[in-house]
Ligand SMILES: Nc1ncnc2c1ncn2[C@@H]1O[C@H](COP(=O)(O)OP(=O)(O)O)[C@@H](O)[C@H]1O
Ligand SMILES: [Mg+2]
């Protein structure tokens, strides 16, 4: 019987220890364990009482008075130990109850704060906040994500997050790369283009954070995305404006150096011709004199043309160049222009003008047209240094006038043809033929103002044909 007693004690003590141990591991089961413990203690107490009673009666009948006294002493010690144990258990019970109450309060508070946090995350509209599982499949979706990306939670939960990436990013495996990096370093941030449901793109600031269990195993990822397209656009605009300004500055300095060089040549001609005329006026034969006067005239004309080019460009760049079409006898206009140009060209070049259509009554801007044709005709002569014929054909139909100017001069290398209409671009075969590279730029600007088209067909050593097709009846 006494064995039962020790068994009960062991059971009781084991029960207390196992409770304390388990209570720290499974806090939520504390209440149930506490009840179990109280029951266990009661059971153990009853067992001990019974054991003591039985041991007492045993001793009365079978043992002597000395042993009985000894038994009584043990009984007394056991009873007091039992009482002490009972008291301690009650104290532990009280302690556990108050701890339990505190934990319940803390749990309630934590639950409330989790609810608040979830509410905050779910309702925030400026940021897309969502969770991914370790493989990148979407687990949660907030209002901000719906607003920014256009998908509802029902549509997107369970889908892989790579669907927000543009094709180039998918091709180079960027979504997986982001997750690998986040897993390795805990947090990864970047900016890039992302896709919305409707296929449009936005510039996103993306922060990815890894989520781990207490044991360190990966639970998934949390993603926070902010649409910063406006900021990106502002950046792009500023960068473009800076690039434009840089380009403009470069253009200005090229313009200044080119034009000053182009002015210096005719000015030198004028100066030397004037000096010769001043010092040798009496001795020079009339033919030489008139040649010198002719050189002064040509140089002055060259400078005037140059100034006109500069002014035209300035007007075009500042948007002051206006398109003012009026009724015009185009055939007559071209004939007059050809005569004018033939006069200054001398007899080294002959301009042959042919009209193939009914061009007497068109609606065009005469000023702009003059810029176009005089530039094309003077180029045709300038780049035919050996002299020769320049063919100028005109044709008109109901809608447009077609101008074709053909020479058999030096031609234009293929590599230069694409850039010919850009300012300052000159063919690599011009040699010492002077020029600024501005004429065709002006021609193109004027043709554009007429909503027309210009093209070139040329072969080095054989000649060049420029064709301008300009709408003329509106
Ligand atoms: N008829 C042409 N024949 C050969 N090259 C030409 C002809 N017209 C234009 N070009 C080429 O196009 C370039 C640009 O012409 P343009 O803008 O008028 O400038 P510029 O005549 O002042 O050099 C010229 O430098 C020349 O290389
Ligand atoms: Mg020119």
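The helices (runs of 4 or more DSSP H) found wholly in the range 128-219 and carrying at least 1 residues that are under 24 Å from the mean Cα position of the chain (by Cα) and at pLDDT 95 or above occupy 143-149, 167-171, 174-185.
Every residue, every condition in (1) at positive phi; (2) near ligand 1 (Cβ under 10 Å from one of its atoms); (3) over 39 Å from the mean Cα position of the chain (by Cα), yes or no:
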| residue | (1), (2), (3) |
| --- | --- |
| 401 | no, no, yes |
| 404 | no, no, yes |
| 408 | no, yes, yes |
| 411 | yes, yes, yes |
| 420 | no, yes, no |
| 423 | no, yes, no |
| 432 | no, no, yes |
| 439 | no, yes, no |
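Filtering the range 369-384 to residues that are touching a strand residue (DSSP E or B) at 6+ places or on another chain (Cβ under 9 Å), part of a helix (DSSP H, G or I) and closer than 17 Å to residue 454 by Cβ leaves 369, 372, 373, 376, 377, 379, 380.
Number of residues in the range 385-410 that are crowded, with 20+ Cβ neighbours inside 10 Å and not in a strand (DSSP E or B) equals 2.
So which residues in the range 379-390 are near ligand 1 (Cβ under 8 Å from one of its atoms) and under 12 Å from residue 338 (Cβ atoms), if there are any at all? Lay out the reasoning, then the answer.
The initial filter retains those residues of the range 379-390 that are near ligand 1 (Cβ under 8 Å from one of its atoms), namely 379-380, 382-384.
Within the range 379-390, just 380 meets the criteria.
Among the residues of the range 367-391, those that are under 15 Å from residue 468 (Cα atoms) and more than 16 Å from ligand 2 (Cβ to nearest atom) comprise 368, 369, 391. For the range 443-455, the set of residues classified as surrounded by fewer than 17 Cβ atoms within 10 Å (Cβ to Cβ) and either assigned to a loop (DSSP other than H, G, I, E, B) or within 16 Å of ligand 2 (Cβ to nearest atom) (or both) consists of 451 only.
Against the conditions (1) assigned to a strand (DSSP E or B); (2) under 19 Å from residue 351 (Cα atoms), residue 470 satisfies every one except (2).
Of all residues in the range 96-105, none satisfies being at pLDDT below 80 and more than 60 Å from the chain's Cα centre (by Cα).
The values are calculated or read from the model by the stated rules, or taken from the named source; none is laboratory data. Owing to the predicted nature of the structure, the values given are computational and were not obtained by experimental measurement. All Cβ positions, even for glycine, are placed from backbone atoms using ideal geometry, and neighbour counts span all protein chains on display.
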